[in-house]
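The values are calculated or read from the model by the stated rules, or taken from the named source; none is laboratory data. Only a predicted model underlies this, so the values are computations on that prediction, with no experimental measurement involved. When we count neighbours, we look across all protein chains shown, and the Cβ atoms used for this are built from the backbone with ideal geometry, even at glycine.
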C-alpha cells in the first residue's frame, strides 16, 4: 500500500507506519540517495522496510530514520551523596548523526540545571530515586530513553568504635589468643586488620585475628589493635589487656618480684 505523507513543513514529509503494516512504498525514489539508513532494508519494488516505531522523513534528496532506542542508558554506579554519577547514552538506531541531551530527575521530577551526562547527588537526594532521561535527536526526529531508577545512598562515614575489641585465651607460651572486632558505626561494609602487641610494642608478623604466644612474650602483657576501614577512611581501637604470659613447662624464663625461689 502507499501511505499518504504527513506534511510537517514545505520542505519535508514524514511517513509513519501503522502498527498492522510492515511496508512503505516510496513513489519513484532515487536509490542512489537513500543512504545512512540503520535497520532499513531497501528491497525491489521500491519498498522500504524499517522498525514499526520509526519515522521516515523524505527531504527532497535524502531519507532520514528517526532515532529508536534499543538498549536503555545505564548509570555508571549506585548514586551516592557527594559522588559524581554519569550515564551512558544507550544504544540507538536511526540516521547518523544522533545528538544527545540529558535531563536528570529525582523521584520523577526534573532537577533544574542537571542537563549534562553527569550529576552529583546532594543530601536532599538521599533516599530518593535518581534517573536520567536521554533524548536522541537527528534530522528524522527525536526519542527519549530513561535509565532504570536507583535510590541515592547516603555519603560514606568514617568508622567509629563504640565497643572495644576483646581478646581471650590462656596467657601461657604456646597458647592461642583470639580477638573480636568490637562494635563500629559508620558506612558498611568494614574491612578489618589486626596488630598484636606485647607490652605495647608491635609483634612482627602478628596480623591475624588470633596469635600463638611464644617465649618472646614471657612475662609480658598482650593486647590487639583492630583497624576498621571503609571507603571514607579508617580508625583503630585497642583491646583489653591479658597477662603476664607464663611458661607452662616450669622452665626458667622469668620470676615475679616477691616470689620465693628454692634451690636444693
Filter region 139-153 for residues that are within 27 Å of the chain's Cα centre (by Cα) and surrounded by fewer than 19 Cβ atoms within 10 Å (Cβ to Cβ); the one that is farthest from residue 107 (Cα to Cα) is 144
Select, from 124, 118, the only residue that is more than 17 Å from the chain's Cα centre (by Cα), farther than 30 Å from residue 242 by Cβ and either outside the structural domain of residue 193 (by TED's automatic domain parsing) or crowded, with 16+ Cβ neighbours inside 10 Å (or both).
-> 124
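Per-residue answers, yes or no, for (1) in contact with a strand residue (DSSP E or B) (Cβ under 6 Å, 6 or more places away or on another chain); (2) buried (at least 17 other Cβ atoms within 10 Å of the Cβ):
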| residue | (1), (2) |
| --- | --- |
| 155 | no, no |
| 159 | yes, yes |
| 163 | yes, no |
| 166 | no, no |
| 169 | yes, no |
| 174 | no, no |
| 177 | yes, yes |
| 185 | yes, no |
| 189 | no, no |
Would you check if residue 70 is within 14 Å of the chain's Cα centre (by Cα) and either in a strand (DSSP E or B) or touching a residue at least 60 places away in the same chain (Cβ under 8 Å) (or both)?
-> no
Return yes or no: is residue 103 surrounded by 13 or more Cβ atoms within 10 Å (Cβ to Cβ), under 23 Å from the mean Cα position of the chain (by Cα) and closer than 30 Å to residue 182 by Cβ?
-> no
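If you scan region 87-109, which residues turn out to be in contact (Cβ under 8 Å) with a residue 12 or more places away in the chain and assigned to a strand (DSSP E or B)?
87, 91, 92, 93, 99, 100, 101, 102, 103, 104, 105, 106
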